[in-house]
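Taking it in order: structure first as structure tokens, then the write-up.
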There are 2 protein chains.
Amino acid sequence: MTETRLDAVKLDGAGPVYDQIRRAIRDLVVSGEWQPGTSVPPEHALMEQLGASRMTVHRALVQLAREGLIIRRRRSGTVVATPPASHAMLDILSIPEEVRQLGQAYAYEVLARTDGRPSPEVAELFGLKRSDKVAHLLVVHRADGKPHVLEERVIHVAGVTGLSDEDFAGTPPGDWLLQHSLWSQAEHAISAIGAGEEQAALLDIAVGEPCLLVERRTWNQLQPVTAVRLLYPGFRHRFVGRFGPYGAA
Amino acid sequence: MTETRLDAVKLDGAGPVYDQIRRAIRDLVVSGEWQPGTSVPPEHALMEQLGASRMTVHRALVQLAREGLIIRRRRSGTVVATPPASHAMLDILSIPEEVRQLGQAYAYEVLARTDGRPSPEVAELFGLKRSDKVAHLLVVHRADGKPHVLEERVIHVAGVTGLSDEDFAGTPPGDWLLQHSLWSQAEHAISAIGAGEEQAALLDIAVGEPCLLVERRTWNQLQPVTAVRLLYPGFRHRFVGRFGPYGAA
DNA sequence: ACTTGCCAATTGCATATGCAATTGGATAGC
DNA sequence: GCTATCCAATTGCATATGCAATTGGCAAGT
């Protein structure tokens, strides 16, 4: 248990006091000056050192604890946490947004739509009964005219209202669903796969070309809403994220 | 601007009052009962309705605002936010951990190590001067004896202490670095690529086989620490994340 | 030694209070 | 009508205060 020097905590006078305290301590932690395991001075000490009230110091410490930089326990005090396993964040944008952010012209085309019952595989994967009604969609999204991503989607009809009257002429299904359905939970998986024959033709790439496959399933209160497979040609796509040891940067 | 019914906020008596209030309002928002754009009752109203002090109500609302569910402005009040673009979280585990979580036996092998200057590409990619010293490493990680992932790593010698004395016999470089260096910022990218000839041989797969490529670069206070390319055979790997509309689930 | 019980240090939570900052909307003046 | 001004509603921040809950460590007793 290393010592912490109390006078290392220095306020900079910018913004609310509680936030100055928070930043001051955070900087000591992320700079490594206060190593994991060292104990942070108790609230009373900081309160006297900094000339702030206990509640103000408390507020700063509570926030740092919520951010995972410190761990607080009654009686035994506050110690610097060891950085947790990191989480990388990937922004999930709608595909039109994604394309426009790249500065390219967006277009899409609904290649096929069938309304019916789920195939056994789909029902299994998605937790549906064979008797539930679903819509299948096949959409290709284009950026500057070139195929950008191939979307295969299954929508659980009972989970969305107004689906049967919608032809997706004005809005691609993903965006339409965002506006017309609620979701409370999603899961996605990223993997790599070679393009199949049909897929290669639609994406205008060679068969076997490595692609990023993003599979996403969405529920609302345990009821399935939609499942989608997005196939991105690998050589022109990368998902980028930035972060720090304690969370998003 | 829709109306919000004040009496919709109901406490459940479990845990701290401020947290009951927070959860009660959060539930109204995520259930869609309070649509985006509707205004949340002012602190005074909630205070009277719930029989709590203003500071307690305040605390709940401040926290909800930090979580992005509501937006607060002086005088104009508090309104329900429209859900932001989602972030998906991918847990970044150390590779030994990753393998063990799959219930498989972990092993690794350092295939090559060279200490020297960065190649022009590496220097460019990583923001190093040609004169900086770097170590190159090539490591294969195995799960139950089979190649799991191929790691190509560059380490900026000046950014880490004790590197030259370390032979990575006991700990793979990624884990060793976590223990012996600080980092404040990281960036990673995921893409799909076909295995090259050498890579295919080391991973025991066919040339051109689709693979997930994870590239990660790490800095400490703007100084480069390490850059790594992790090549996962695509057919046996997927990165999975779970989340909700307002963040991690 | 080992166990039990107690004390005090430390954090957690809630309240009451006061003032500052922002700004929508009303009002007065032109 | 249009603009400048003021007012009041609302949130933001800090303090002072008191009690509750947890628990490390000491002390007493066996």
Taking the criterion of being of a type in the set (Phe, Trp, Tyr) and more than 10 Å from DNA strand C (Cβ to nearest atom), would at least one residue in region B:5-25 satisfy it? no
Here, strands (runs of 3 or more DSSP E) confined to region B:131-249 with at least 1 residues that are more than 7 Å from chain A (Cβ to nearest Cβ), of a type outside the set (Val, Ile, Thr) and open to solvent by 10 Å² or more (accessible area, probe 1.4 Å) are B:134-143, B:146-156, B:210-220, B:223-233
Log entry, pairs with first residue in region A:31-59 being within 14 Å of chain B (Cβ to nearest Cβ) and open to solvent by 20 Å² or more (accessible area, probe 1.4 Å), second being β-branched (Val, Ile, Thr) and more than 15 Å from DNA strand D (Cβ to nearest atom), beta carbons closer than 7 Å, six or more apart or on different chains, reads A:Gln35/A:Thr2; A:Gln35/A:Val80; A:Pro36/A:Val80; A:Pro36/A:Thr82; A:Gly37/A:Thr2; A:Gly37/A:Val80
Quick check on B:Val122: is it open to solvent by 20 Å² or more (accessible area, probe 1.4 Å), closer than 30 Å to A:Gly241 by Cβ, away from chain A (no Cβ under 14 Å) and in a helix (DSSP H, G or I)? yes
Within region A:71-106, the residues that are hydrophobic (A, V, I, L, M, F, W, C) and within 16 Å of DNA strand D (Cβ to nearest atom) are A:Ile71, A:Val79
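The values are calculated or read from the model by the stated rules, or taken from the named source; none is laboratory data. It should be emphasised that the depicted structure is a prediction, and the values quoted were computed from it without experimental measurement. Methodologically, a virtual Cβ is constructed for each residue, glycine included, from the backbone with ideal geometry; neighbour enumeration extends over all protein chains shown. Each accessible area value is taken on the protein alone, full model and side chains, heavy atoms only, with ligands, DNA and RNA left out. Shrake-Rupley method; radii C 1.70, N 1.55, O 1.52, S 1.80 Å.
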